[in-house]
1. Quick test of your reading of the structure: Glu239 fulfils all but one of (1) over 21 Å from the mean Cα position of the chain (by Cα); (2) at pLDDT 95 or above; (3) more than 18 Å from Gln88 (Cβ to Cβ). Name the failing condition by number.
2. Answer yes if at least one residue in segment 343-350 is farther than 20 Å from Met464 by Cβ and of a type in the set (Phe, Trp, Tyr), and no otherwise.
3. Somewhere in segment 449-463, is a residue among the basic types (Lys, Arg) and either closer than 20 Å to Leu325 by Cβ or open to solvent by less than 70 Å² (accessible area, probe 1.4 Å) (or both)?
4. Restricting attention to segment 171-207, report how many residues are under 15 Å from Ile230 (Cα atoms), part of a loop (DSSP other than H, G, I, E, B) and of a type outside the set (Val, Ile, Thr).
5. Restricting attention to segment 374-414, which residues are of a type in the set (Asp, Glu) and under 17 Å from Phe322 (Cα atoms)?
6. Considering only residues of segment 56-87 that are open to solvent by 10 Å² or more (accessible area, probe 1.4 Å) and in contact with an Asp or Glu (Cβ under 6 Å, 6 or more places away or on another chain), which is modelled with the lowest pLDDT?
7. For Asn249, which of the numbered conditions (1) at pLDDT below 95; (2) over 21 Å from Arg137 (Cβ atoms) fails to hold?
8. Given the criteria in contact (Cβ under 8 Å) with a residue 60 or more places away in the chain and either in contact with a Phe, Trp or Tyr (Cβ under 7 Å, 6 or more places away or on another chain) or more than 27 Å from Met452 (Cα to Cα) (or both), does Val284 qualify?
Amino acid sequence: MNTTEQTIRSVVEEVLAELGKSPRQVNGGQLTGSPALNPQSNPNGIPVVSNGTASRTSAASNGFSGGGNFGVFSSVDEAVAAANGAFQQLKKKSIADRKTVIDIVKNMCDERADEWGQKEFDETKIGRLDHKKAKLRIIKQVPGVEWFNPTCFSGDHGIALEERAPFGVIGAITPVTHSLPTLAGNIVNMVAAGNSIIFNPHPSGKRIACEGVQAFNKAIAEKIGIENLITIIGEPTIESANEIFHHRNVRMLCVTGGPAVGRAALGARKRAVVAGPGNPPVVVDDSADIENAAKSIVAGAAFDNNLLCIGEKEVFAVQSIFDQLMEAVGRHGGYRLNAQQTDALTKLAFAPPKEPGGHPVLNRDFIGADPAVLAQHIGLNIPQNTEILYAETDTSNPFVPEEQMMPFIPFVRARDTMHAIELAYEFEHGFGHTAIIHSRNVHAMTVMGKLMDTTLFVKNGPSMAGLGLGGEGYLSFSVATPTGEGVTNPGTFTRTRRCVMVDELRVV
């Protein structure tokens, strides 16, 4: 598919408005209404480079000379050149040096979780502060160099060795929902694989992303002598995203964001790992542990006020245990809305579609808002310890079919287990992202798992268990559903190379 400049512009513009709290408008390539990362317009911001010279403390003044302000650039060409230079240096380093980089990122995220979590919360103004901090602390669970083991073949005609090689400079797009955690997790995976990176962060999370990059780069340069292993565009725009997608020296792309930016990346004629949309359904059948189901639903849906793409978005529970489940959710931190309150919240959360047959328009001021804030909009004062709002709805309520990222969960009655599974299949929309079931019936689990065909299928736990948080497996904030890589890991960002010795070296 030949993607034109105008097409790229339109789809990237869509994504810049897609997840932001208050989307900035683009005018002539400049983001208006957003504090600039330069000392003239924002004294507290992070300065960027103009013509290779930092506007404040420069790399050279600290004994380093690779250009950029510890990875922060205003030019994509300069950032890519710096990242490519760093990649060439990394190729000559040991696996132990890669592990040093990974340890720096993991340790910093853990040690500075309180500080950086607060800054991300203050900048993005979405989600929960305690969970912003938690998402940084769990970066230590992202796999690194330990992931790799070579594959060997031995036979009558000698031996062969397959190893995983880096691509080079990877271009990565990060979301506002998890700005620094996604960036840090990507660094761990990508550097473990031997790559360098250029990031184009979401405009509403750019300051914390730039601060993290600078801190990492300073420590990396001091420890292993490589500057600009991680680069970032200080003022991300449509143009910078487009340049990264099509830059000849960016060898691979990783997009964690909405569907529009994913489509743009797939049109760039290079390897792209794309995280797609989701609308994770939950099925609760009559064999389920109701208390565990209620506790798990609340925990998953409440995490960072339901900003996780894997988070529980709608529940289909069988008629025979429906009322019991609703009562249990209330005991585990849910606040139940009545029909009138639910209708009032729905009208505020969604505007009618712009055209017949279109999607309802989500009120972006509600994304990631606290339950108490949502409640206040409909005239309610609720207990401070409320984790989620919830209510019984039917499938016509837009909270059921739409992927909304707020802590209100609709519960829909199903006739029986198969009806609940069929509804889950219908309203997951075939995204293939995440599905959850609470059941002791192994057959029901099997039927649902085969039908849903999702990247993540969680049984009898909260959605986070699918990312190794309370369940087995490993963590990543990039879950690539459309392109098939699933939960990304260091191997995702490698290519396979085979070295063959013919008729020799086999000593058996």
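1. If we test Glu239 against (1) over 21 Å from the mean Cα position of the chain (by Cα); (2) at pLDDT 95 or above; (3) more than 18 Å from Gln88 (Cβ to Cβ), just (2) comes out false.
2. At the first step, the residues of segment 343-350 found to be farther than 20 Å from Met464 by Cβ are 343-350.
With of a type in the set (Phe, Trp, Tyr) added as a condition, the list becomes 350.
Looking through segment 343-350, at least one residue is farther than 20 Å from Met464 by Cβ and of a type in the set (Phe, Trp, Tyr).
3. Residues of segment 449-463 that are among the basic types (Lys, Arg), as a first pass: 450, 459.
This time we only want the ones that are either closer than 20 Å to Leu325 by Cβ or open to solvent by less than 70 Å² (accessible area, probe 1.4 Å) (or both), so: 459.
Yes; the residues of segment 449-463 include at least one that is among the basic types (Lys, Arg) and either closer than 20 Å to Leu325 by Cβ or open to solvent by less than 70 Å² (accessible area, probe 1.4 Å) (or both).
4. Here the count works out to 4.
5. Step one: list which residues in segment 374-414 are of a type in the set (Asp, Glu), which gives 387, 392, 394, 402-403.
Listed by number, the residues that qualify are Glu392, Asp394.
6. Ranking the candidates gives Phe64 first.
7. Of the numbered conditions (1) at pLDDT below 95; (2) over 21 Å from Arg137 (Cβ atoms), the odd one out for Asn249 is (1).
8. Values: in contact (Cβ under 8 Å) with a residue 60 or more places away in the chain: yes; either in contact with a Phe, Trp or Tyr (Cβ under 7 Å, 6 or more places away or on another chain) or more than 27 Å from Met452 (Cα to Cα) (or both): no.
Against the criterion (in contact (Cβ under 8 Å) with a residue 60 or more places away in the chain and either in contact with a Phe, Trp or Tyr (Cβ under 7 Å, 6 or more places away or on another chain) or more than 27 Å from Met452 (Cα to Cα) (or both)), Val284 does not qualify.
The values are calculated or read from the model by the stated rules, or taken from the named source; none is laboratory data. Model, not experiment: these values are computed from the prediction. Glycine also receives a Cβ, built like all others from the backbone with ideal geometry; neighbour counts cover every protein chain displayed. Just the protein is used for accessible areas: all its heavy atoms, side chains included, with ligands, DNA and RNA removed. Shrake-Rupley method; radii C 1.70, N 1.55, O 1.52, S 1.80 Å.
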